[in-house]
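The values are calculated or read from the model by the stated rules, or taken from the named source; none is laboratory data. A quick note: this is a predicted structure, and the numbers were derived from the prediction, not measured. Cβ atoms come from the backbone with ideal geometry, glycine included; neighbour counts cover every protein chain shown. Accessible surface is based on the protein model in full, side chains and every heavy atom, while ligands, DNA and RNA are left aside. Shrake-Rupley method; radii C 1.70, N 1.55, O 1.52, S 1.80 Å.
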Amino acid sequence: MNDQAIRAAFESRFGAPPARGVRAPGRVNLIGEHTDTSDGFVMPMAIDREVRVVLTPRADTTVRLVAFDLEDETTFDVTQPSVKDGWASYLHGVAWALAEEGLPLRGFDGVVSGDVPRGAGLSSSAAIELALMRAFYEASGFDWDAKRMAVLARRVENEWVGVASGIMDQLICACGEEGTALTIDCRDLSLEPAPLPAGYTVVILDTGTRRGLVDSEYNQRKAQVDEAAQILGVTVLRDATPESVDAQREALGDEPYRRARHVTRENRRVLEAAAAMREGDAETLGALINASHASLRDDYEVSGPALDRMVEIAQAQPGCVGARMTGAGFAGCAVALVADDALDAFAGAVKEAYDAASDVACSVYVVSPQDGASTLD
Ligand code: GLA
């Protein structure tokens, strides 16, 4: 993240150095995929890739924001959000959601930039939403309640951008804790530290692939899960179990059955993973991560050829106890848990094997858990 370059860009555009800086991280989910929309359990951590905004508050309600990476700029009045396409839709959506909540908004001049890969399953959109919320907080002076901000950022995604996503991404980008992943109950939004086993590191494996149409597939899976819940006689699948799903296999029919089997088993895996982490048991955690991938591939059907290849390569390396796709799926990133003493060899071997077998080159990011959205010193 080139902080100096963003500050220099601000000064050259607005004629003085920025008064403040804010940041919000991307995230990687260790286990608990496609469960948040069913009020289930997830285990993400915020990562050291983030979106930053440097800004100077204004006395009026105008926002002038430069998108440094896109070499673009937008201006609008925060009382009249309207744009629903492109990067500026996040800015307008955030202003809309904060106003819906009755928070008084002031404008600002700002420059935004980030190093969260876009469309890769690392929540670049939640990072930008939370960074902009934090920018409005700095400009407007309302109270910062991280969970409330996460809930509002989810509204931006659901009601402004139009993706029926759950709360996981916004919650971890707002509430992440340095040094630990978090087990989140997406029903009551409670958060429990889930410390990584000592001697193991989280590695993100970016397949270099990106896929459009993820949103429509995502919404379609969600509709199938809701249908399964209805057949099972529960409001959401959080209230079903793998056993109750198996008992209704016939009534559910093949696809809704497999979608529901994934969600209910994945919820159980998250709780088992949390228990394994309390014991510092990396092997059990890794086995659960591997099982999660198989379930996402075969039952929920949101993996893809590049993700499957990457996961297979990672799982075969010495020192890797578990690997799986992460995020919404189809393309983007996998996540692996790797012994520290095997890390260098792992990164080199995965890259060599993946690149030899693929048209696109992969990237390997070694990450550590970070705090949620905050103001820079
Ligand atoms: C996307 C959504 C999240 C979650 C994941 C899948 O990242 O934004 O709410 O559903 O997919 O676990």
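Keeping the other protein chains in place, figure out the carbon and sulfur percent of the accessible area of the chain, with a 1.4 Å probe. Mind dumping the intermediate values first?
Values: 6670 of 14670 Å².
Ligands and nucleic acids excluded, carbon and sulfur reach 45 percent.
What shape does segment 196-367 take by its C-alpha gyration tensor, where a ≥ b ≥ c are the square roots of the eigenvalues and a/c under 1.5 counts as rounded, a/b above b/c as prolate, and the rest as oblate? Walk me through the intermediate numbers first.
On the way: a/c = 2.80, a/b = 1.52, b/c = 1.84.
Oblate shape, in that a/c is at least 1.5 and b/c is the bigger or equal ratio.
Once the principal axes of the Cα atoms of segment 121-229 are found, what is the range along each, listed largest first in whole angstroms?
Over segment 121-229, Cα extents along the principal axes are 42, 39, 33 Å.
Given N residues in segment 277-377, what is Rg(Cα) / (2.2 N^0.38 Å)?
Values: Rg = 14.5 Å, N = 101, 2.2 N^0.38 = 12.7 Å.
Normalised by 2.2 N^0.38 Å, the Cα Rg of segment 277-377 equals 1.14.
Order 257-264, 229-236 from most to least packed using the mean count of other Cβ atoms within 10 Å. Don't jump to the answer; show the numbers that get you there.
Working: 257-264: 25.0, 229-236: 15.5.
Peptide ranking by packing, descending: 257-264, 229-236.
Show me 44-53, 147-156 ranked by packing, highest mean number of other Cβ atoms within 10 Å first.
Packing proxy ranking, top to bottom: 44-53, 147-156.
Largest first and to the nearest Å, give the Cα extent of the chain along each principal axis.
62, 50, 39
Tell me, what is the per residue accessible area of segment 3-189 in Å², probe radius 1.4 Å?
Values: 6420 Å² over 187 residues.
Computed with neighbouring chains in place, this is 34 Å² per residue.
Each residue of segment 310-327 in turn: what ³J(HN,Hα) in whole Hz from Karplus with 6.51, -1.76, 1.60 and θ = phi - 60°, glycine and Pro shown as x?
The phi angles translate into 4, 5, 4, 5, 5, 4, 7, 7, x, x, 8, 8, x, 8, 7, 5, 9, x Hz.
So who's got an amide H within less than 5 Å of the one on Gly322, skipping anything under 5 residues away but keeping other chains? H placed 1.01 Å off N, in plane.
Those lying under 5 Å, H to H, from Gly322 are Leu337.
What does the charge count near Phe346 come to, summing +1 for each Lys or Arg and -1 for each Asp or Glu among other residues with Cβ under 13 Å from its Cβ? Can you show the working numbers first?
On the way: positive: Lys351; negative: Asp340, Asp341, Asp344, Glu352.
Result for the local shell: -3.
Using θ = phi - 60° and the Karplus curve 6.51 cos²θ - 1.76 cosθ + 1.60, what whole-Hz ³J(HN,Hα) does each residue of segment 109-123 get, with Gly and Pro shown as x?
Karplus values, whole Hz, x for Gly and Pro: 9, x, 10, 10, 7, x, 10, 7, x, 7, x, 10, x, 10, 6.
Residue by residue through segment 232-248, what is 3J(HN,Hα) from phi via Karplus (6.51 cos²θ - 1.76 cosθ + 1.60, θ = phi - 60°)? Round to whole Hz and write x for glycine and proline.
Here the 3J(HN,Hα) series is 7, x, 10, 6, 9, 5, 3, 8, 9, 10, x, 5, 5, 5, 4, 5, 10 Hz.
Order 77-86, 342-351, 285-294 from most to least packed using the mean count of other Cβ atoms within 10 Å. Mind showing how you got there, number by number?
Details: 77-86: 14.4, 342-351: 17.0, 285-294: 22.3.
In decreasing order of mean packing, 77-86, 342-351, 285-294 become 285-294, 342-351, 77-86.
Report, largest value first, the span of the C-alpha coordinates of segment 182-281 along each principal axis, in whole Å.
Computed over segment 182-281, the largest-to-smallest principal extents equal 46, 34, 23 Å.
Counting heavy atoms of the protein chains only and a 1.4 Å probe, report the per residue accessible area for segment 196-367 as a whole number of Å². Don't jump to the answer; show the numbers that get you there.
Numbers: 7220 Å² over 172 residues.
I get 42 Å² per residue for this part.
Between Asp109 and residues 5 or more places away or on another chain, which pairs have amide H atoms under 5 Å apart, with H built 1.01 Å from N, and which residues are they?
Residues meeting the amide H criterion: Thr56, Arg58, Arg64.
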